[in-house]
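What follows is a short report on a single structure.
The values are calculated or read from the model by the stated rules, or taken from the named source; none is laboratory data. This structure is a prediction, so every number in the text was calculated from the model and none was measured. Glycine gets a Cβ as well: all are built from the backbone with ideal geometry, and neighbour counts include every protein chain shown.
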Amino acid sequence: MNHELVESINTAKRCCNRCHIQKTFKENDIEKELAQKACKRCIDLFREEFDIRRRNEQTTNEQIETLKTAKIICLDALDSCKACDRSTPRMKNILVKLRD
């Protein structure tokens, strides 16, 4: 994974965790918005990489499937954040599935 993607994933997990921790202290959704923005950036980066790899003839089907799976995980994480009641860090728990 490239540096920008790793940073976006870490930002999303960190903001999700802060949103969960601060649920009783702050009523605003700043951390939630930051987590969603970082997750959307991850989705865009995976989409770009998928398009590049798909056009490249040397890319294997396994690499393409890995990118599709990672993008789906990010989409699931974003959906879980939108439906979150802040009882658990849902986005973080889903994004943990992404490994280097």
- [ ] Just need a number here: residues in the range 6-39 that are of a type outside the set (V, I, T), within 16 Å of R90 (Cβ to Cβ) and surrounded by fewer than 17 Cβ atoms within 10 Å (Cβ to Cβ).
- [x] 6
Task: Entirely in the range 17-100, the helices (runs of 4 or more DSSP H) that have 3 or more residues that are closer than 19 Å to M1 by Cβ and of a type in the set (K, R) - done: 30-55
Open item on the list: So the check is Cβ under 8 Å with 6+ separation or different chains; which pairs have a first residue in the range 1-23 that's closer than 14 Å to L98 by Cβ and at pLDDT 90 or above and a second one that's aromatic (F, W, Y) and assigned to a helix (DSSP H, G or I)?
Closed with: L5/F46
Open item on the list: For the range 49-100, give me each residue that is of a type in the set (D, E) and surrounded by 12 or more Cβ atoms within 10 Å (Cβ to Cβ).
Closed with: E49, D76, D79
Open item on the list: It is to be established whether one or more residues within the range 66-84 are of a type in the set (K, R) and at pLDDT below 90.
Closed with: no
